[in-house]
Ligand code: FES
């Protein structure tokens, strides 16, 4: 089980969810109502599942593949700790993971 904390782009809202081992971060985010579109459903053909990982948690994650890096290059407001949430498998080894939702996710939903 990993306790995932989602932080809204403006830092004002936090939501904590328990993710069972084996879940994919994008699915956990969507189930929690976070505004990540994930248009290509994990095919690495969009970047609408882009999230920003808390820098302290970033080293715990497996490195991004080259394909993921290429997609991230196209994501608006990507940072050094950006990842595609559809590529992040929560294997149960991490106790906590804190994730920030980028501002463009809200724009896409007209929020
Ligand atoms: Fe499209 Fe993650 S859902 S790249």
For residues in segment 59-86 being outside any loop (DSSP other than H, G, I, E, B) and under 11 Å from the mean Cα position of the chain (by Cα), which is farthest from residue 12 (Cα to Cα)? 86
Going residue by residue through segment 29-38, is there one that turns out to be farther than 21 Å from residue 10 by Cβ and surrounded by fewer than 16 Cβ atoms within 10 Å (Cβ to Cβ)? yes
Which residues, taken from segment 46-72, are near the ligand (Cβ under 10 Å from one of its atoms), over 16 Å from residue 105 (Cβ atoms) and in contact (Cβ under 8 Å) with a residue 24 or more places away in the chain? 68
Test: residue in segment 97-109 that is in a loop (DSSP other than H, G, I, E, B), on the phi < 0 side of the Ramachandran plot and surrounded by fewer than 17 Cβ atoms within 10 Å (Cβ to Cβ): yes
Looking only at segment 14-37, which residues are within 14 Å of the ligand (Cβ to nearest atom), in contact (Cβ under 8 Å) with a residue 24 or more places away in the chain and in contact with a strand residue (DSSP E or B) (Cβ under 9 Å, 6 or more places away or on another chain)? 24, 25, 26, 28, 29, 34, 36
If a residue has to be assigned to a loop (DSSP other than H, G, I, E, B) and closer than 13 Å to residue 87 by Cα to count, how many in segment 14-39 make the cut? 2
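FYI, it's all coordinate maths here, none of it is from the lab. Remember, predicted model here, so these are calculated numbers, not experimental data. For neighbour counting, all protein chains shown are included, and Cβ atoms are generated from backbone atoms with ideal geometry for every residue, glycine included.
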